[in-house]
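S.K.: One structure coming up, written as structure tokens, with questions to follow.
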Amino acid sequence: MKTRTSNADLHSQIDLKRLPQHIAVIMDGNGRWARKRHLPRIAGHRAGIGAVRQVVEACARLGVPCLTLYAFSVENWKRPHTEVKLLMGLLREYLKKEIKELNRNNIRFGAIGRIASLPEPVQHDLRETIEKTSSSTGLRLTLALNYGGRSELIDAVRDLASELNGKDAPDLEAITEQSFSRYLYTRDMPDPDLLIRTSGEMRLSNFLLWQVAYSEIWVTDILWPDFTERELFQAVIDFQRRERRYGGLG
Ligand code: IPE
Ligand code: IPE
Ligand code: MG
């Protein structure tokens, strides 16, 4: 008889000394989850919050230093106004409810993306969550909101160019991969070691284009609202079995 490995067994297979230092997740499939149940798309987004809680808590308990969740892309504004409005509402609800829990788990909250273009009430709640969790020293939880990999690169180039503009003889040789990455939204985070995407799609959808150059990619058919700590453990176990070569011979 085939028995299902328990979550505790999966957990025991993880080498806690070789954890990914940064896990990035493309949370996809809320709409499909809802459609399967003949529910409106927003019901899928709401159910997706449960998966966010599980993954955040599991990463905090494992001791993963950074977790970045793709919650709203610059392209997602193309969706119907009602869906966008409901998503922003859900985000505010999540932030308000979660501050206590984030603090209890010693989690520091942050956001990346074109935050200044989000509705003011959303910005207010983001600022509040950032401030109220700023003294946490555990997991760094970052939400990518109004985020696009290409717009992040454009923002970085604009910042860099405006700095160089003020100089008589700018030293272009000083622009290196390392120095350039300090202009990105993720300037104080390591690049993701592990990139997870749910719902089976094999694409990046404009997520962290620069940073995932050498990330290990793990895709599951599971729809985001069904994602649990179990799948997170599986992804980490798989990650630890990979041979990372960075273009060398390993
Ligand atoms: C991911 O689920 C959540 C967001 C992009 C905000 P989707 O809403 O993309 O769900 P599908 O891909 O339509 O199933
Ligand atoms: C990617 O999902 C964006 C987020 C998870 C926020 P999408 O559902 O927007 O991506 P596409 O349209 O399938 O590429
Ligand atoms: Mg989608």
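S.K.: Net charge around Ala213, counting only other residues with Cβ within less than 10 Å of its Cβ (Lys, Arg = +1; Asp, Glu = -1)?
M.R.: -2
S.K.: Taking Cα atoms of the stretch 88-233, Rg/Rh with Kirkwood Rh, to two decimals?
M.R.: Rounded to two decimals, Rg/Rh equals 1.01.
S.K.: Same structure, new question: Rg and Dmax of the stretch 210-250, using alpha carbons, in Å: what are they?
M.R.: Gyration radius and largest Cα-Cα distance of the stretch 210-250: 12.7, 39 Å.
S.K.: I need the semi-axes of the equivalent ellipsoid of the stretch 64-170: take the C-alpha gyration tensor, multiply each eigenvalue by 5, square-root it, list largest first in whole angstrom.
M.R.: For the stretch 64-170, the semi-axes come out at 27, 20, 12 Å.
S.K.: Beyond 22 Å, what share of the Cα-Cα pairs of the chain remains, rounded to the nearest whole percent?
M.R.: Considering the chain, 58 percent of its Cα-Cα pairs are separated by more than 22 Å.
S.K.: Using only alpha carbons, build the gyration tensor for the stretch 135-212 and give me the equivalent ellipsoid semi-axes, biggest first, whole Å.
M.R.: Working: eigenvalues 158, 51, 27 Å².
Over the Cα atoms of the stretch 135-212, the semi-axes work out to 28, 16, 12 Å.
S.K.: Now for a different question. Helix-only mean residue ellipticity at 222 nm, the chain, DSSP H runs n ≥ 4 weighted -39,500 (n - 2.57), per residue, nearest 500. What is it?
M.R.: -13500 deg cm²/dmol
S.K.: Over the Cα atoms of the stretch 162-250, what radius of gyration and what Dmax do you get, in Å?
M.R.: Expressed in Å, the Cα Rg and Dmax of the stretch 162-250 come to 17.8, 56.
S.K.: Moving to a separate point now. In whole angstrom, how far apart do the alpha carbon centroids of the stretch 17-71 and the stretch 113-139 sit?
M.R.: 19
S.K.: So, one more: Within the chain, how many lysine pairs that are 8 or more places apart, or on different chains, have C-alpha atoms less than 26 Å apart?
M.R.: Eligible lysine pairs with Cα atoms under 26 Å apart amount to 9.
S.K.: Amide H to amide H, which residues 5 or more places from Thr133 or on other chains are under 5 Å from it, using H placed in the peptide plane?
M.R.: It is Phe109, by chain and number.
S.K.: With the alpha-carbon atoms as the only input, what is the per residue convex hull volume for the stretch 87-148 in Å³?
M.R.: 72
S.K.: Next question, about the same structure. Along each of its three principal axes, how wide is the spread of alpha-carbon positions in the stretch 7-97, in whole angstrom units, largest first?
M.R.: In descending order, the Cα extents are 45, 27, 25 Å.
The numbers here are math on the coordinates, done by the rules we state, and not lab data. Here the structure is a predicted model, which is why all the values come from computation and not from measurement. Quick reminder, even Gly has a Cβ in these numbers, built from the backbone with ideal geometry, and neighbours come from all protein chains shown.
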